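Visitor: Mind having a look at this structure? Questions to follow.
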Amino acid sequence: MLTLLRLAVRLPLTWLYALGYVSYRLAYDVLRWRTHVSLTNLRNAFPDKAEDERKRIARLSYRNLGDLLAEVLKGATLSKEEIRRRVQIINPQVITEFTRKGQSVILLASHHCNWEWLLLAASAQLDVPIDAVYKPQRVSAIDRFLRETRSRFGGNPIPHKRFVFEILKRKRGVRAFALVADQTPGKSDEKYWTRFLNQDTAFFVGADKLARITRSPVIFVGMQRSSRGYYIVKLKLLASPPYSGKSNQIIEQYVRAVEAQIISSPADFLWLHRKWKYKKPKR
């Protein structure tokens, strides 16, 4: 499979988009892959929208996912100049004002638009090493391909089970710690419950703990699609040290930023993701 992936990345992006379109039609119209999950998520998130509008958003989100697959493949060969042209970080000073003073930062993103190109763009444009937490893929060939692609411009992918250990090793250097933080915690994991898109929703608390351990400012990385294959990234400072007491305010700020981004462009969110796997326990 790894050989097949390495052959596919040599195709022009327009050809990969065509393959992505076929994949979208197959997944949505033929196999109906997770369409029930997507439409249920949309009904719960947007109860005031008409059903036809929710179906339109669902279909477009699958279309965007097809494009994402194409772009992930092409990310293995795009040059630094091309990734900078396609993903523009419009206010990098939000990060550099801290890193130039010798202070590490925590970057929080979500499964919105193209989070794979986001890491490549940040690695290509920001003058700071980026340690990015990731969950290893079950298929070893895909996992290796993604790790190789993510590290092309100096990014350092770290498996989520080793992330805290690796962070403590690098604590004294100036770095950016990057997390796609809208993953769903397991039932036994520590979690923070809040209202998100009209539903009780669980979030990991790791970003809050990481901020306190490293005494780092926390920055939300918002991504917006400007056209097919082109994105705008806007950074927003969520919190900065000193931090006092035990609080999940950082997570709450992140949740509100993600929610606003999704409401602004719902078709760019990964609705087939099983974000709401279980209900909030009753006390």
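The values are calculated or read from the model by the stated rules, or taken from the named source; none is laboratory data. Fair warning: this is a prediction, and the values are worked out from it, not measured in the lab. Glycine also receives a Cβ, built like all others from the backbone with ideal geometry; neighbour counts cover every protein chain displayed.
Visitor: Show me the helices (runs of 4 or more DSSP H) entirely contained within the range 1-89 in which 2 or more residues are in contact (Cβ under 8 Å) with a residue 60 or more places away in the chain and within 27 Å of Trp276 (Cβ to Cβ).
Guide: Details: elements: 2-8, 13-25, 35-45, 51-74, 80-86.
Correct list: 35-45, 51-74.
To keep it simple, each residue is scored yes or no on (1) of a type outside the set (Gly, Ala, Ser); (2) part of a strand (DSSP E or B); (3) surrounded by 21 or more Cβ atoms within 10 Å (Cβ to Cβ); (4) at pLDDT 95 or above.
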{"residue": "Ser188", "(1), (2), (3), (4)": "no, no, no, no"}
{"residue": "Ile250", "(1), (2), (3), (4)": "yes, no, yes, no"}
{"residue": "Ala257", "(1), (2), (3), (4)": "no, no, no, yes"}
{"residue": "Lys279", "(1), (2), (3), (4)": "yes, no, no, no"}
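Visitor: So the check is Cβ under 8 Å with 6+ separation or different chains; which pairs have a first residue in the range 177-188 that's more than 18 Å from Leu272 (Cα to Cα) and a second one that's in a loop (DSSP other than H, G, I, E, B) and among the hydroxyl-bearing types (Ser, Thr, Tyr)?
Guide: What qualifies is Phe177/Ser104; Phe177/Ser216; Lys187/Tyr278.
Visitor: In this structure, does Ile57 turn out to be at pLDDT 95 or above, hydrophobic (A, V, I, L, M, F, W, C) and within 18 Å of Ser226 (Cβ to Cβ)? Walk me through how you get there before you give the answer.
Guide: Details: at pLDDT 95 or above: yes; hydrophobic (A, V, I, L, M, F, W, C): yes; within 18 Å of Ser226 (Cβ to Cβ): no.
So Ile57 fails the test.
Visitor: Shifting gears a bit: Just to be sure I understand, how many residues within the range 124-142 are surrounded by 15 or more Cβ atoms within 10 Å (Cβ to Cβ), of a type in the set (S, T, N, Q) and in a loop (DSSP other than H, G, I, E, B)?
Guide: Keep residues of the range 124-142 that are surrounded by 15 or more Cβ atoms within 10 Å (Cβ to Cβ), which gives 124-126, 128-134, 136.
Those still in the list that are of a type in the set (S, T, N, Q) too: 125.
From what's left, in a loop (DSSP other than H, G, I, E, B): none.
Residues meeting the conditions: 0.
Visitor: Something else: From Phe165, Phe145, grab the single residue that is hydrophobic (A, V, I, L, M, F, W, C), out of contact with any Lys or Arg (no Cβ under 8 Å at 6 or more places or on another chain) and either at pLDDT below 90 or farther than 22 Å from Pro217 by Cβ (or both).
Guide: Details: Phe145 fails: out of contact with any Lys or Arg (no Cβ under 8 Å at 6 or more places or on another chain).
Answer to the check: Phe165.
Visitor: Continuing with the same structure: For the range 71-121: of the residues being of a type in the set (S, T, N, Q) and under 16 Å from Ser227 (Cβ atoms), which is surrounded by the fewest Cβ atoms within 10 Å (Cβ to Cβ)?
Guide: Gln88
Visitor: Any idea which of Thr77, Thr40 is out of contact with any strand residue (DSSP E or B) (no Cβ under 6 Å at 6 or more places or on another chain), hydroxyl-bearing (Ser, Thr, Tyr) and over 22 Å from Arg147 (Cβ atoms)? Let's see the steps before the verdict.
Guide: Numbers: Thr77 fails: over 22 Å from Arg147 (Cβ atoms).
None of the other options fit; the residue is Thr40.
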